[in-house]
1. Amide H neighbours of residue 119 under 5 Å, counting only residues 5+ apart in sequence or on other chains, H built in-plane at 1.01 Å?
2. Pairs to check: 40/105; 40/107; 74/105; 90/141; 107/141. Give those whose C-alpha atoms are more than 22 Å from each other in this structure.
3. Kindly list the residues of the range 81-115 that lie in the label zone of residue 42, defined by a backbone N under 17 Å from the point 7 Å along the Cα-to-C-beta vector.
4. Determine the distance separating the Cα centre of the range 92-116 from the Cα centre of the range 67-91; give it in Å without decimals.
Amino acid sequence: VSLARPVTQPAAQPTTSPTTVANPPAQFTPSGKQFTSSGKVEHVSEGSFRKDVLEVNAPVLVDFYADWCGPCRKLAPVLDRVARESTDAKIVKINIDRNPSLAAKYKVQSIPTMLVFRDGSVVAQHKGLADGATVKRLIEK
């Protein structure tokens, strides 16, 4: 689903497989706390993003979504299942309508878009629907 907003750069082509990000944003030092998976998909906001994503001492998959997005609703049960099965990664969702500055910062131009963060940097991304195996491979990159 394309977002209706002016684009200053050519839109990235949707991918069917995870890709590695060449130039991730500035790194943050992880908190050093031992990570324990909750087994659930958590909702985060701009206010909690640093603590809930950038400072986590484990891979964090961030799903940029909107409530009105059909493909995003289809992806939700896949993410729920992967979160229950995963013990060494965190899965979170960010509503782009409530957190537009994060979507802009990470150049989210279509949804669903999933970004994987490690040590505060984006290390992989996927645009569009994905099955559980694809989501797990994305996290493992």
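Derivation of every value follows stated rules applied to the coordinates shown; laboratory data play no part. Only a predicted model underlies this, so the values are computations on that prediction, with no experimental measurement involved. We place every Cβ from the backbone using ideal geometry, glycine too, and count neighbours over all the protein chains shown.
1. Long-range HN contacts for residue 119: 58.
2. 40/105; 40/107; 74/105
3. What the label zone holds, given the 17 Å backbone N cut-off, is 81-95, 115.
4. 15
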